[in-house]
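The values are calculated or read from the model by the stated rules, or taken from the named source; none is laboratory data. All values derive from a computational prediction rather than experimental measurement. No Cβ is skipped: glycine too gets one built from the backbone with ideal geometry, and neighbour counts run over all protein chains shown. Side chains included, ligands, DNA and RNA excluded: accessible areas come from the protein's heavy atoms. Shrake-Rupley method; radii C 1.70, N 1.55, O 1.52, S 1.80 Å.
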Amino acid sequence: MAEDGRRLGERLASCRRLAGMSQQELAERSGLTVRTIGNLERGRARWPHPDTVRRLADALELRGEVREEFMASVGSRPARRAATAAPACGGEPSPGPGASLPVPRQLPSAVRHFTGRKAELDFLACLLDAGGARDGGTVVISAIGGTAGVGKTALAIHWAHQVADRFPDGQLYVNLRGFDPSGSPVAPAEAIRGFLDALAVPPERIPPGADAQASLYRGLLADKRILIVADNAHDEAQVRPLLPASPASLVIITSRSQLVGLAAADGARLLTLDLLPHDEAVQLLTARIGGDRAAAEPDAVGEITRLCACLPLALAVAAARAAARPGISLTALAGELRDADGRLDVLDAGEAAASVAAVFSWSCRQLSANAARMFRLLGLHPGPDISVRAAASLAAANEPQVRQLLRELARACLITEHAPGRYAFHDLLRAYAAAQARQCDSQPDRDAAIGRALDHYLHTAARAALLLRPGREAVSLARPRPGAAPERLADHQQALAWFNAEHQVLVAVVTLAGDLAADSHAWQLPCAMTDYLYRRGYPHEGLTMLARAVAAATRLDDALGQAMSLRALGNACANTGDYDQARADLERCLPLYQRLGNRTGQALAHQGLSRLAELQGRPADALGHAEQALRLYQATGDQPGQARVLNGVAWCHALLGHYQRARGFSEQSLALIAELGGCDFEYNARDTLGYVELHLGDPARAIAHFEVALGLCRDRGDRYSEAEILTHVGDARHAAGDLPQARQAWRQALAIYDDIHHPGADQVRTTLISAGDSLADAENS
């Protein structure tokens, strides 16, 4: 092994010398420490982390075969059995506590032109070397505080990249938006859900409750060595749920608050950033504008630094201003700063927003008229980021033109393209843009822009909802305002991708619609999101928005809006186990549908009440509601609705022990499904008929139906239903006297239930133990 380390070190040193770099230069370019480079070249680190190898290859600018050879020779290591072992029952291994997880790499790009902060970097290094991340104990927490624009995030990200190789299980990052101008910080549950997505936890494995999701998050990180960066925190309460229990992990928090409570109760080490020392601030400005240009006007560089109060954000914007006008002297730029009457006083007093606004104004003066208008309108947009097409609706402009305007703003460092086709900006820039809109654009113009944005999201969401579930209850929308350009979604996959990308934007839009009393949007948009939120595992988020939807529809005195919102809210309450509220909401919506003469809505309400009664263990009541829904669908001639409810009636009869009646209704459902050319719920009907045949004493016929249902279910990717059907397959095999095959089916069901953290696992495990399955017995003990 020592020989391997020496050989790898020689290879790295050879590549570095060929590139003409010192260890210091390679460290700076790769974002690693000089110490790490030295250890690698001396053979002290036998198997560097793949991310470290990639960064070295990038810094050395290796290409083609040379890069491949370097990656193979320096980055190869013996395969670890734990990482390559196949799961026992097929499919993906369950990433429970201690299991192999995908390695997240969420850190934003390394900070360019980072300068100074040696004392702070040394503090963080000592914290890592001396703390629990190395020696065990409690998780190491560092909270970096300071005023806006002082460089808290830059320091955290720069240092995180330096030590990333010491956290082989990955790095997680979240912007908590604690001081966002919208006044809506990221909720801890939302941040945890984002981390679960980064850890590649399947949506069906994520439990509905915030506490349960937090528990899953902590369990996944147990015994892991992960670096977590929680940026722009509002207070201790926002951060505390994100802290892992793993003593090998490290959490870096940035905030404009001091977070003293986190130090007192959780042992966080506080690091408060002051303004840069003058010489370091000069170095930062020099690095950004170029050494030759700075050397030609040293006095101007010193004056600009002083006028910017050595605040990194102000220095960065001033440097961008200079770079955008290479023909204008730095002395002239210093004169502009000097003439910004009254604005710099706020900067000197520590109120960063006003002084930074002055610096932003210099950049905006260089924009074309259309780009300046686009910038102002972006300040009116409520979400954390925006797509090109949504920006086109906001501006009532065509998409190619808006794309060019957004690129112009990005070049001026006023926005960033943080993902392909999606743009965002810092909260201070957002506040400045909104202020400029209020100053430069009339109230009617601002209202029209916001209205177009609301129409954009509502009409796109309505289209996406129909693509996700074609048979959903339709609602007639008002035509979009002139200039609004909803997305052109073609299929289910595009609809799901759009909802995923716009999820947080839509939440903010719903809030904005309510705040502006845009009540049609405030009830219609949440109703359009219900299927997506249910499928992706955001039931509590749906509760909040649907409660607002009911209030908005009530303000409008819109009976259909109230009925639809109440029905959706009732179903959401049932999904979260609030059965009393679910029943109240569903019973409130039913008379509204009746007064409207809307029989489809009445049928849907009865379906919701039927499912609620089943969940509460009231099969007779469930049957009564299902039969009423069936009569309503028959009256309207809705054949897909009839097919679905016929299966529901069959299932209720089966729960009541009326197996002959259940068989008849189930066969009717399947016949109608066949007449319609197939429906997406056919596997449910097949499963019902198999269940009935099993209880009528024909396990062979039951197995045949279950196998068909299983194939259809797997095609849909419905893992919960797959586990249910596999359980029924096991029951049928057992009834047929084939105990080995029964155990195999139950084990497969148990694996899925365990993988998605479903309580059905307990019953299947008990069944296996009763059948003499020693493996299940051992797992249970």
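Assorted remarks:
- Taking the listed residues Asp445, Asp491, the one that is touching a helix residue (DSSP H, G or I) at 6+ places or on another chain (Cβ under 9 Å), free of Cβ contacts under 8 Å to residues at least 60 places away in the same chain, acidic (Asp, Glu) and farther than 22 Å from Met374 by Cα is Asp491, with no other qualifying.
- Boolean, Ala622 is under 24 Å from Leu676 (Cα atoms) and in a helix (DSSP H, G or I): no
- Of the residues making up region 263-279, just one is farther than 18 Å from Phe123 by Cα, in contact with a Lys or Arg (Cβ under 9 Å, 6 or more places away or on another chain) and modelled with pLDDT of 85 or more, namely His278.
- Scanning region 749-781 for residues that are open to solvent by 20 Å² or more (accessible area, probe 1.4 Å), under 24 Å from Val201 (Cα atoms) and at pLDDT 80 or above returns Ala751, Asp754, Asp762, Gln763, Arg765.
Here's the yes/no breakdown for (1) at pLDDT 90 or above; (2) of a type in the set (Lys, Arg):
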residue	(1), (2)
Arg112	no, yes
Arg117	no, yes
Ala133	no, no
Ile144	no, no
Ala148	no, no
Leu172	yes, no
Gly183	no, no
Ile192	yes, no
Ala198	no, no
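- Among the residues of region 9-28, those identified as modelled with pLDDT under 80, out of contact with any Leu (no Cβ under 7 Å at 6 or more places or on another chain) and not polar (S, T, N, Q) are Glu10, Arg11, Ala13, Arg17, Leu18, Gly20, Met21, Glu25, Glu28.
- First in region 201-227 and farther than 11 Å from Ala189 by Cα and at pLDDT below 90, second anywhere and of a type in the set (A, V, I, L, M, F, W, C) and assigned to a helix (DSSP H, G or I), Cβ under 6 Å, 6 or more apart: Ile206/Leu196
- When region 261-297 is filtered for residues that are touching a strand residue (DSSP E or B) at 6+ places or on another chain (Cβ under 7 Å) and open to solvent by 40 Å² or more (accessible area, probe 1.4 Å), the ones remaining, listed by number, are Asp266, Gly267, Arg269, Leu270, Thr272.
- Within region 714-731, being farther than 18 Å from Ala761 by Cα and either touching a residue at least 24 places away in the same chain (Cβ under 8 Å) or outside any helix (DSSP H, G or I) (or both) holds for Arg716, Gly717.
- Checking each residue in region 572-597 for being under 15 Å from Gly561 (Cβ atoms) and either touching a Leu at 6+ places or on another chain (Cβ under 7 Å) or crowded, with 21+ Cβ neighbours inside 10 Å (or both) picks out Asp585, Arg588, Cys589, Leu592, Tyr593, Leu596.
- Only a single criterion out of (1) of a type in the set (D, E, K, R); (2) modelled with pLDDT of 70 or more; (3) over 30 Å from the mean Cα position of the chain (by Cα) is not satisfied by Arg77, namely (2).
- Complete set of residues in region 189-224 that are part of a helix (DSSP H, G or I) and of a type in the set (D, E, K, R): Glu190, Arg193, Asp197, Glu204, Arg205, Asp211, Arg218
- Subset of region 473-508 [assigned to a helix (DSSP H, G or I) and acidic (Asp, Glu)]: Glu502
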